[in-house]
Amino acid sequence: MSSNTTLVWFRRDLRLGDNQALCEAAGRGGAVVPVFVWAPEVEGAWAPGAAGRWWLHQSLRALDAALRERGSRLILRQGESVACLLEAVRDTGAGAVCWSRCYGPARRDQDVEAALVEAGIEARSFPGALLSAPEGAVNKQGKPYQVFTPFWKAQVAGIDSGEPLATPKKLKAPQRWPASLQLEELALEPSVDWTGGLRGAWQPGERGADAALDRFLDEALSDYADARDRPDLPGTSRLSPHLHFGEISPGCVWHAVRQRAATEGRKGLVRGEEAYLRQLAWREFAYHLLVHFPHTTDEPLRPAFARFPWREDAPALRAWQEGRTGYPLVDAGMRELRTTGWMHNRVRMSAASFLVKHLLVPWQTGARWFWDTLVDADLANNTLGWQWTAGCGADAAPYFRIFNPVLQGKRFDPAGNYVRRWVPELAKLPARWIHSPWQAPAGLLDEARVVLGDTYPSPIVEHKAARERALLAYEAVKAQG
């Protein structure tokens, strides 16, 4: 094979559209060999969780199918990234390797680039996972941002992502394809199938991402500013897993939202569009923090919280994981997570706050559970979210802000429809009582066939007492300096 054969190393850019690495490889004029290396050990303690592996399996299958429609295919290898890529280079005679950069604690990009250059292979990496590179973003003091609003104003608000790159219509195949594992050999799917709920809720792959974006633009974007906090409404984009696996680029989403205004002849953005772009910017902020403070995956950004008096409470943790806390909004969210691999963000905040503040269970424990059960488990966003909730991270919620799960339910699920869907044993309770069934009159409980402590658990902790306990723990941390 000639030296103008190019490997395209796919990782979290599992798409053909708006993929600069793929376009550059195709533009070299030679054969293009797409390669995916399954190397979970490189991620160390943060190898993809069970739900993420399921999604990855489906996404790789979809990517291979899309490649085959263009005369190509996806080569699968398993092992250490550098060794597998060098082996693929030898197998194909490739003179270059192109890939999209990933950001996080692992140094895989740097290690691969150094090894390829040493072997005399052209190494070319490209952006695409983010709207802007996180490494050089600093504030006026030359330090990383730790507050979102100035980061948004300085780094993201004015971005013009430009027209997305077109999908190649044809990819030149090599004269002989190198060996490849079968997708099933990667053992990404569980041996005991529990993924029926995931299959019913999602369409992994680039086509699923495009369909989700189209639905959001047509049906939800205009009301996003008001509806995004309502778990009982289809008011969010549900693009998070597609963005995590790179089935759609953030630049493509950004452009589509801004193009909507241009298409309608508007100079500015409406509230829903502005609010959604800010959410994309929070994703950028999360990666900015992860790159500059890589230790925060396991340690608090604010060092004082290393002394926080967390509790080990296995029964309470298990009740939270299984959606049996006795607080309907929290339980609904945890059951939605167990079934679909996803949870509405407003409910994520309430459920996370309940774990770390009502139960005083370490935020790292919650982060691990979400990591294993979320289809959109993303190290940067997961870390930011849990540290924000626990009050120990950047731009964090003050620790004394302790969500009342009853009030959260009444405000954001006013008719109780979200709870009714995921906690069906409470479905017959009137909206007035569905978020606090222990306060409902006995007669209404009988009519709704709700037996507290039997058909539905009583609260495992009382809100007022839990709040006071959490505040005392926080005061103890402050007192220690």
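Points worth noting:
- Residue that is surrounded by the fewest Cβ atoms within 10 Å (Cβ to Cβ), among those in segment 248-265 that are within 17 Å of E284 (Cα to Cα) and not aromatic (F, W, Y): H255
- Condition check for V450: modelled with pLDDT of 95 or more, part of a loop (DSSP other than H, G, I, E, B), in contact with a Leu (Cβ under 7 Å, 6 or more places away or on another chain) and not hydroxyl-bearing (S, T, Y): yes
- Of all residues making up segment 389-435, the number that are assigned to a helix (DSSP H, G or I), surrounded by 21 or more Cβ atoms within 10 Å (Cβ to Cβ) and free of Cβ contacts under 8 Å to residues at least 60 places away in the same chain: 1
- Sub-9 Å Cβ pairs linking a first residue in segment 222-244 that is within 24 Å of G205 (Cα to Cα) and without any contact (Cβ under 8 Å) to a residue 24 or more places away in the chain to a second residue that is assigned to a loop (DSSP other than H, G, I, E, B) and small (G, A, S), at least 6 apart or interchain, are P234/A220; G235/A220, ordered by first then second residue.
- Qualifying residue in segment 32-53 (condition: touching a strand residue (DSSP E or B) at 6+ places or on another chain (Cβ under 7 Å) and in a helix (DSSP H, G or I)): no
- Per this entry, A154 is counted among residues that are loosely packed, with under 15 Cβ neighbours inside 10 Å, not aromatic (F, W, Y) and not in a loop (DSSP other than H, G, I, E, B).
- Residue within segment 318-326 that is among the polar types (S, T, N, Q) and in a helix (DSSP H, G or I) present: yes
- Restricting L445, L472 to those that are at negative phi, of a type in the set (A, V, I, L, M), in a helix (DSSP H, G or I) and in contact with a helix residue (DSSP H, G or I) (Cβ under 9 Å, 6 or more places away or on another chain) reduces the list to L445.
- The residue that is surrounded by the fewest Cβ atoms within 10 Å (Cβ to Cβ), among those in segment 317-354 that are farther than 20 Å from R411 by Cα and among the hydrophobic types (A, V, I, L, M, F, W, C), is L317.
Residue-wise test of (1) crowded, with 19+ Cβ neighbours inside 10 Å; (2) at pLDDT below 95.
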residue: D13; (1), (2): yes, no
residue: V42; (1), (2): no, yes
residue: S59; (1), (2): yes, no
residue: L74; (1), (2): yes, no
residue: E87; (1), (2): no, no
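- Candidates V117, V97, V112 - the one that is closer than 29 Å to S72 by Cα, over 21 Å from the mean Cα position of the chain (by Cα), in contact (Cβ under 8 Å) with a residue 24 or more places away in the chain and outside any strand (DSSP E or B): V112
- Among residues of segment 334-357, those that are assigned to a helix (DSSP H, G or I) and either among the aromatic types (F, W, Y) or at positive phi (or both), counted: 1
- Residues that are assigned to a helix (DSSP H, G or I), in contact with an Asp or Glu (Cβ under 7 Å, 6 or more places away or on another chain) and of a type in the set (S, T, N, Q) do not occur anywhere in segment 258-272.
- Filter result (over 18 Å from the mean Cα position of the chain (by Cα) and outside any helix (DSSP H, G or I)) within segment 196-233: A220, R230, D232, L233
- Being among the polar types (S, T, N, Q) and more than 20 Å from the chain's Cα centre (by Cα) is a property that does not hold for S237.
The values are calculated or read from the model by the stated rules, or taken from the named source; none is laboratory data. Small disclaimer: the values here were computed from a predicted structure and weren't measured. Virtual Cβ from ideal backbone geometry, glycine too; neighbours counted across all protein chains shown.
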